[in-house]
Amino acid sequence: MKFLKYTLKVLAGIIALALSLFVIMVIVPETETVKSIQPRKSTKYWKMSEGFKIAYTHLKSQDLIKKSPIVYLHGGPGGYIHSSVINALSEFTESGHDVYLYDQRGSGLSDRLEKFSDISIKKHIKDLTEIVSEKINQEKVILIGHSFGANIIAHYSVNHSDRVHKMIFSSPGELLPMRMVNKKYVDLDSVYPKPDTLKFKMVVGFVPEVDIAAIKPKSIIAGTAMLTDVKLVSDKQMDRLLNTLFTKVTKGMVCDTLNIRPEEGGAGLYAFIASNNDDVPDIRGKIKKLKIPVLVIQGQCDYVPYSYAIEYAKLYPNGNYRLIEDAGHIIVWEQEEKYIKSIKEFLK
């Protein structure tokens, strides 16, 4: 009996110690390994209908003959516009295009929002709709969606095809929701096997880094926002955590780790969690009816499977696929010239 009481006391002590350490790790501020992103000289802001601000950069056309403006959507979710992308896309201004690059709600230089439910894929689509129709207000636009951004422009296209001139899916992530048949998930690799003519290269994985970040006390507490819709940990603390994670996972974004560019501190972790936990309708049937010219670009070392990318090209009737050698998920970091050339040729 005494042994049992002693054992229970020891267990209670261990649990109390573990809880104390957990609380301390939640309370202690997250180390700022990456300096928080700061506005550039080119940074401007749109006041959205919901009252918050979205940060954007407008690169003005240098040609007297104006063509359809380009709107670029970054990846993530919870990513941001990196200066390297701004520099790369400035090339299009020489051929008559205005270029707009914006940080999605809850990330980059855009406002962090009060509630967890303020961010979702549906709201990202709503923002793009407002930006195209009211902020830019041009008859047609060219959309470039990188990684997660590909989902936003795909869902936008089925309801606003009349506003889209052409679309570029850059290193696209899997089209959401995942494809299902008879309530079972479809193995896209079996539907779209890699052709022998395309030679892909393996890259260093980064899944363990994501898993480690997910079990950190702050991440666990922040995750309760999905149920309570209350942010128990500040955006500042959570963004620092994701910025640190980004410095580690970029090794899986390139063919050669020497080509990694420094992180610029614009990550939005609540935007990452919320957007990844949103339900959207299956639009595959509607996509097959669209006439929009589409280009899908993927790097040879992309960690995203070929099947995910080629599905876009196969679904859109006017879809084309282009593989760029010696480039990873972030193509402009390693093959900027080929990337821009591919898009320019497509736009012609």
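Descriptive notes on the structure:
- Near ILE292, no amide H atom lies under 5 Å from its own; only residues 5 or more places off or on other chains count, and H is placed 1.01 Å from N.
- Protection proxy ranking of 79-85, 44-50, by the mean of other Cβ atoms within 10 Å over each peptide's residues and highest first, is 79-85, 44-50.
- Note on ASN320 and SER42: the model spin-label points, each 7 Å out from Cα along the C-beta direction, lie 2.6 nm apart.
- 222 nm mean residue ellipticity, helices alone, for the chain (DSSP H n ≥ 4; -39,500 (n - 2.57); rounded to 500): -10500 deg cm²/dmol
- Toward the positive end of the charge dipole of the chain, with +1 on the Cβ of Lys and Arg and -1 on the Cβ of Asp and Glu, the farthest Cα among GLY79, MET238, TRP333 is that of MET238.
- Using the 1.4 Å probe convention, the accessible area of region 52-167 works out to 34 Å² per residue with neighbouring protein chains retained.
- Scalar couplings 3J(HN,Hα) for region 303-319, obtained by applying the Karplus form with A = 6.51, B = -1.76, C = 1.60 to θ = phi - 60°, are 6, 6, x, 4, 4, 5, 6, 5, 4, 4, 5, 7, 6, 6, x, 10, x Hz; x denotes Gly and Pro.
- Loop-located trypsin sites (Lys or Arg not before Pro) in region 255-316 (DSSP state not H, G, I, E or B) with no more than 13 neighbouring Cβ atoms inside 10 Å: LYS288, LYS289, LYS291.
- Separation of region 220-259 from region 272-304 is 22 Å, based on Cα centroids.
- Net length available on complete extension from ASN277 to SER84 is 66.6 nm, with 0.36 nm assigned per residue and the Cα-Cα distance removed.
The values are calculated or read from the model by the stated rules, or taken from the named source; none is laboratory data. Keep in mind that what you see is a predicted model, and the values were worked out from it rather than measured. Glycine gets a Cβ as well: all are built from the backbone with ideal geometry, and neighbour counts include every protein chain shown. With ligands, DNA and RNA removed, areas are computed over all heavy atoms of the protein, side chains included. Shrake-Rupley method; radii C 1.70, N 1.55, O 1.52, S 1.80 Å.
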